[in-house]
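Trainee: One structure coming up, written as structure tokens, with questions to follow.
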Amino acid sequence: MASQLIESDVTEIISINPSNGEEIGRVPITSAADVVKAVRIAHAAQPGWAKLTFRERARIILRAREIVLSDVDEIATLISRETGKPAPEAISMEVVPTLDLMYYFARQTARLLKQQKIGLGLYSWMGRSSKIVYKPVGVVGVISPWNFPWATPLDEVVMALMAGNAVVLKPSELTSFSALKIADVFKRAQLPSGVLQIITGDGTTGAALVAAGVDKIMFTGSVATGVRVAETAAKYLLPVVLELGGKDPMIVLDDANITNAAKAAVWGAFANAGQACASIERCYVHESIATKFTDEVVKQTQLLRTGPGTEVDIGAMTTERQLLIVDDHVHDAVANGAKVIIGGKQQKGTRGWFYEPTVITNVNQSMRLMRAETFGPVLPITTFTSDEEAILLANDSIYGLTASVFTSNISRGHRIAEQLEAGTVMVNEVVYTHALGQTPWGGVKQSGYGRTHGRLGLLELVTPQHIHLNRMPFLPDAWWFRYSPLANDLFHGLARRFTTGSVLKAAPLLPKIIRRLFE
Ligand code: NAD
């Protein structure tokens with residue numbers, strides 16, 4: 001099979017089903033000039049959209065949600081054809097979380113973005129008050145990857161729209177049709193024209209979007225592309241959120257429930273054929289339970305069915321390029337002394353890019369398999385002897401997206417969680433909190449910056465405006481001109497007494513303040 005993505009000429013992308021090589025369809029590569037036009041249209045449409053109340057915006061989101069529900073099988077089949085993942089997994093890992101997120105932000109955005117009063121201490125005694133109001137940023141450019149072609153862009157779109165923004169979405173060139181289905185859903189939900197536009201295309205279209213006059217970029221993708229996006233954005237002082245790669249560790253302590261931890265490791269490493277930013281890519285298990293745990297992992301892996309169709313657990317990898325990276329990491333590890341316990345090669349006898357779920361031991365921190373993002377169905381397992389060592393090993397990475405700790409002792413889990421360098425740490429869980437729209441998602445170190453989801457994610461999509469009021473417009477301020485001897489004396493008093501925040505301590509200054517006001 002040739003490459004999945006064929007740029008037949010400079011203006012068109014041909015999309016191929018990675019399970020069987022069939023052509024799914026063709027979409028245009030949007031030119032830089034057309035990207036600028038789309039952003040202009042979005043700017044024109046956004047103020048009208050922002051004028052609607054939260055309730056009015058929520059009505060449209062909930063209408064879109066009903067359409068997603070009624071088209072759920074069509075959507076899952078489309079995602080499956082574009083990415084190779086089994087349709088049931090498309091429903092569980094993409095459609096269900098998104099339906100939940102749509103409901104949450106439709107119902108909660110008004111509360112989450114409610115204006116806030118700020119306490120001003122002694123200044124409030126002077127008739128002053130402050131509050132923060134949240135205004136939409138304007139036009140949000142969303143650039144998304146192929147591994148969750150429905151959930152990742154749609155989550156961003158829903159949150160940006162609820163906050164009152166217009167959106168221009170540039171989906172991955174490998175999954176354009178899932179994004180076009182998002183456009184179809186919102187059109188049928190009667191979203192006003194111009195408020196959401198999809199621009200299909202490759203990296204050139206993405207780069208054009210960053211330079212096209214949007215007010216914010218929400219980027220999800222690889223570290224290498226994230227760096228390029230940040231570089232271009234810096235030229236325009238354009239704020240960006242970067243949701244990048246991961247090399248997520250799972251720590252299994254000696255008191256963990258071994259069977260359940262093994263099942264979690266297998267799902268965490270192999271779901272979505274390992275092509276999740278938060279996939280378990282390094283497993284550290286206490287040496288006292290390592291044999292038992294590894295045997296259980298292998299037993300669970302043997303039960304998995306890999307191949308095309310719906311009655312399988314692991315589908316095709318989405319691109320041949322990714323499969324070759326996975327194979328390279330496995331070969332490099334083996335050449336350096338690692339041992340493949342199960343899997344370790346491309347699955348033969350099928351037309352698509354299927355890679356056998358792979359468990360590897362005898363690995364060490366210097367191997368490519370333990371350092372670079374593999375993004376495939378490979379679970380390397382190694383051991384530790386103390387909590388401190390487990391923490392050191394887990395933190396020994398340039399990435400920091402999520403991490404997991406398995407233990408029966410919740411406070412021990414908590415203690416370790418707080419010492420791990422990751423945007424999210426799960427105790428007795430793996431991968432799944434991206435599905436919790438209520439909770440923030442994002443990384444530290446080279447996994448990126450900024451957050452999506454939850455209130456913190458919503459705050460990325462608004463500009464906080466501080467409004468300050470003086471309810472005594474008939475009086476001058478004591479610190480205004482001119483700086484007389486009385487003023488100088490008062491300022492010393494302010495330094496000593498007013499800045500303590502105590503009414504009692506500041507009270508003796510009152511006569512001086514009054515004299516100064518009428519000076
Ligand atoms: P990628 O970086 O190759 O592409 C991501 C998007 O950027 C695509 O739409 C692509 O067309 C576009 N793009 C390419 N060059 C560009 C440029 N110069 N300017 C602007 N846009 C450009 O990533 P991918 O291979 O599609 O996705 C896989 C990566 O995404 C993995 O590293 C994975 O970990 C990461 N990811 C992260 C998260 C997260 O939440 N942190 C979620 C999903 C995927």
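The values are calculated or read from the model by the stated rules, or taken from the named source; none is laboratory data. Not measured: the values here are computed from a predicted model. Backbone-built Cβ (ideal geometry, glycine too); neighbour counts: all protein chains shown. For accessibility, only protein heavy atoms count, side chains too; no ligands or nucleic acids. Shrake-Rupley method; radii C 1.70, N 1.55, O 1.52, S 1.80 Å.
Trainee: Mind checking which residues of the range 102-123 are small (Gly, Ala, Ser) and more than 17 Å from Leu456 (Cα to Cα)?
Mentor: Step one: filter the range 102-123 for residues small (Gly, Ala, Ser), giving 106, 110, 119, 121.
Matches in the range 102-123: Gly119, Gly121.
Trainee: May I pose another question? Which of the numbered conditions does Tyr103 fail, given that it passes all the others? Conditions: (1) open to solvent by 10 Å² or more (accessible area, probe 1.4 Å); (2) under 19 Å from the mean Cα position of the chain (by Cα); (3) closer than 30 Å to Ile16 by Cα; (4) touching a residue at least 12 places away in the same chain (Cβ under 8 Å).
Mentor: Every condition holds for Tyr103 apart from (3).
Trainee: Step by step: first the residues of the range 191-208, then only those that are part of a loop (DSSP other than H, G, I, E, B) and not hydroxyl-bearing (Ser, Thr, Tyr), then the one that is farthest from the ligand (Cβ to nearest atom). Which residue is that?
Mentor: Pro192
Here is a yes/no grid of residues against (1) closer than 30 Å to Thr291 by Cα; (2) not β-branched (Val, Ile, Thr):
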{"site": "Thr358", "(1), (2)": "yes, no"}
{"site": "Pro377", "(1), (2)": "yes, yes"}
{"site": "Gly400", "(1), (2)": "yes, yes"}
{"site": "Asn409", "(1), (2)": "yes, yes"}
{"site": "Val444", "(1), (2)": "no, no"}
{"site": "Arg455", "(1), (2)": "no, yes"}
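Trainee: Anything in the range 356-393 that is part of a loop (DSSP other than H, G, I, E, B) and among the small types (Gly, Ala, Ser)? List them, or say none. It would help to see each step written out before you state the result.
Mentor: To start, the set of residues in the range 356-393 that are part of a loop (DSSP other than H, G, I, E, B) comprises 356-357, 362-367, 372-377, 385-386.
Scanning the range 356-393 gives Ser366, Ala372, Gly376, Ser386.
Trainee: Within the range 184-196, does at least one residue satisfy the condition of being under 20 Å from the mean Cα position of the chain (by Cα) and under 30 Å from Gly21 (Cα atoms)?
Mentor: no
Trainee: Counting just the residues of the range 160-183 that are assigned to a helix (DSSP H, G or I), closer than 22 Å to Asn17 by Cβ and of a type outside the set (Gly, Ala, Ser), which one comes out most open to solvent (accessible area, probe 1.4 Å)?
Mentor: The qualifying residue most open to solvent (accessible area, probe 1.4 Å) is Leu180.
Trainee: Given the residues Val312, Val298, Val326, which is the only one that is outside any helix (DSSP H, G or I), of a type outside the set (Lys, Arg) and open to solvent by less than 70 Å² (accessible area, probe 1.4 Å)? Spell out how you get there, then give the answer.
Mentor: Working: Val298 fails: outside any helix (DSSP H, G or I); Val326 fails: outside any helix (DSSP H, G or I).
Testing whether each residue is outside any helix (DSSP H, G or I), of a type outside the set (Lys, Arg) and open to solvent by less than 70 Å² (accessible area, probe 1.4 Å) leaves just Val312.
Trainee: Right, Pro171: closer than 20 Å to Val139 by Cα and free of Cβ contacts under 8 Å to residues at least 60 places away in the same chain or not? Break it down into steps so the answer makes sense when it comes.
Mentor: Values: closer than 20 Å to Val139 by Cα: yes; free of Cβ contacts under 8 Å to residues at least 60 places away in the same chain: yes.
So Pro171 passes the test.
Trainee: Could you check the range 260-295 and list, in sequence order, the residues that are among the polar types (S, T, N, Q), open to solvent by 10 Å² or more (accessible area, probe 1.4 Å) and touching a strand residue (DSSP E or B) at 6+ places or on another chain (Cβ under 7 Å)? Before the answer, list the steps.
Mentor: So in the range 260-295, the residues among the polar types (S, T, N, Q) come out as 260, 272, 275, 279, 288, 291, 294.
Filter once more, so that each one left must be open to solvent by 10 Å² or more (accessible area, probe 1.4 Å): 260, 288, 291, 294.
Hit for the range 260-295 is Thr294, nothing else.
Trainee: Does the range 248-259 hold any residues that are touching a residue at least 40 places away in the same chain (Cβ under 8 Å) and either β-branched (Val, Ile, Thr) or surrounded by fewer than 24 Cβ atoms within 10 Å (Cβ to Cβ) (or both), and which are they?
Mentor: Taking the range 248-259 and keeping what is touching a residue at least 40 places away in the same chain (Cβ under 8 Å), we get 248-253, 255-257.
Answer for the range 248-259, where residues must be touching a residue at least 40 places away in the same chain (Cβ under 8 Å) and either β-branched (Val, Ile, Thr) or surrounded by fewer than 24 Cβ atoms within 10 Å (Cβ to Cβ) (or both): Ile251, Val252, Leu253, Asp255, Ala256, Asn257.
Trainee: If you don't mind, another one. Do we have any residue at all in the range 248-259 that's within 21 Å of Gly344 (Cα to Cα) and within 14 Å of the ligand (Cβ to nearest atom)? Talk me through it step by step, then tell me what you get.
Mentor: We begin by selecting, within the range 248-259, every residue within 21 Å of Gly344 (Cα to Cα); these are 248-250.
Add one more test, that the residue is within 14 Å of the ligand (Cβ to nearest atom), and what stays is 248.
Within the range 248-259, one or more residues are within 21 Å of Gly344 (Cα to Cα) and within 14 Å of the ligand (Cβ to nearest atom).
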